[in-house]
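Asks: There's a structure below that I have some questions on.
The values are calculated or read from the model by the stated rules, or taken from the named source; none is laboratory data. This is a predicted model, so every value here is computed, not measured. Here Cβ is always computed from backbone atoms with ideal geometry, including for glycine, and neighbour counts include all displayed protein chains.
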Amino acid sequence: MKKVKILLVTLFISSVATAQVVNFSGSFKLNTPNSKLNQEFSLAPKEIIILQEGNNLDVEKHLSFQDQDYVTKDKFTLDGKECINPGWQETQKKSTAVWAEDKKSLKITSKFPMNDGGEAVIIEIYKMDGTNMVIESSATSSYGDMAETMVYDKQ
């Protein structure tokens, strides 16, 4: 009986240690009807392209702001170390990407300076729901707070 308990504990520990990490690689288009977006102003990109290999995550976002189209390209490491990417208007955006304990969601926290001397903080939590990607986003700055839930269909 003692050997069976030891075997079960060993199997449980090894299954937890080898928990599958979600791979977000793919091209995704915004599903507006299934998303919860702000009415007046939204940070939701209309398309996101992700390449995830090993410890690296490359995220390309296609957005529109004031009738202008923009593409942002960010590179993150998946080990919680700070990554620096171009920010808005020649600033630097400092980000960390950290897996949830169950490895099923990824939290990316980004900070960048504002023109008024303050700092903006954006937190994005990436999850998969079947083939759809869901991003829960919250932003805090001197302009106020906002939160959105964006649903993306895999292409």
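Asks: Restricting attention to segment 28-57, which residues are in contact with a strand residue (DSSP E or B) (Cβ under 9 Å, 6 or more places away or on another chain) and over 22 Å from Asp129 (Cβ atoms)? Even if it seems obvious, please write down each step before you answer.
Replies: At the first step, the residues of segment 28-57 found to be in contact with a strand residue (DSSP E or B) (Cβ under 9 Å, 6 or more places away or on another chain) are 28-38, 41-52, 55-57.
Phe41, Asn55, Asn56, listed by residue number.
Asks: I would also like to ask the following. Go through segment 124-147 and give me each residue that's out of contact with any Asp or Glu (no Cβ under 8 Å at 6 or more places or on another chain) and either among the charged types (D, E, K, R) or under 21 Å from Leu78 (Cα atoms) (or both).
Replies: Kept after step one, since they are out of contact with any Asp or Glu (no Cβ under 8 Å at 6 or more places or on another chain), are these residues of segment 124-147: 126, 128-130, 133-134, 140, 143-146.
Once the filter is applied, which keeps residues that are out of contact with any Asp or Glu (no Cβ under 8 Å at 6 or more places or on another chain) and either among the charged types (D, E, K, R) or under 21 Å from Leu78 (Cα atoms) (or both), segment 124-147 yields Tyr126, Met128, Asp129, Met133, Val134, Asp145.
Asks: What number of residues within segment 124-155 satisfy the criterion of being of a type in the set (S, T, N, Q) and surrounded by 13 or more Cβ atoms within 10 Å (Cβ to Cβ)? Can you show your working first?
Replies: Looking only at segment 124-155, we keep the residues that are of a type in the set (S, T, N, Q), and these are 131-132, 137-138, 140-142, 149, 155.
Next, only the ones that are surrounded by 13 or more Cβ atoms within 10 Å (Cβ to Cβ) stay: 132, 137-138, 140-141, 149.
Of the residues in segment 124-155, 6 are of a type in the set (S, T, N, Q) and surrounded by 13 or more Cβ atoms within 10 Å (Cβ to Cβ).
Asks: While we're looking at this one, here's another question. Just checking, does segment 102-117 include any residue being surrounded by 15 or more Cβ atoms within 10 Å (Cβ to Cβ), over 21 Å from Phe41 (Cβ atoms) and in contact (Cβ under 8 Å) with a residue 60 or more places away in the chain?
Replies: yes
Asks: Have a look at Lys29, Lys2, Lys36, Lys46 and point out the one that is farther than 20 Å from Lys104 by Cβ and modelled with pLDDT under 95. Don't jump to the end; show me each part of the working.
Replies: Details: Lys29 fails: modelled with pLDDT under 95; Lys36 fails: modelled with pLDDT under 95; Lys46 fails: modelled with pLDDT under 95.
After applying the criteria, what remains is Lys2.
Asks: For segment 104-122: of the residues being at pLDDT below 95 and not small (Gly, Ala, Ser), which is farthest from Met133 (Cα to Cα)?
Replies: Here the residue is Asp116.
Asks: Does Val121 count as loosely packed, with under 15 Cβ neighbours inside 10 Å, in contact with a strand residue (DSSP E or B) (Cβ under 6 Å, 6 or more places away or on another chain), under 27 Å from Asn34 (Cβ atoms) and not hydroxyl-bearing (Ser, Thr, Tyr)? Working first, answer last.
Replies: Values: loosely packed, with under 15 Cβ neighbours inside 10 Å: yes; in contact with a strand residue (DSSP E or B) (Cβ under 6 Å, 6 or more places away or on another chain): yes; under 27 Å from Asn34 (Cβ atoms): yes; not hydroxyl-bearing (Ser, Thr, Tyr): yes.
Judged against the criteria, Val121 is a match.
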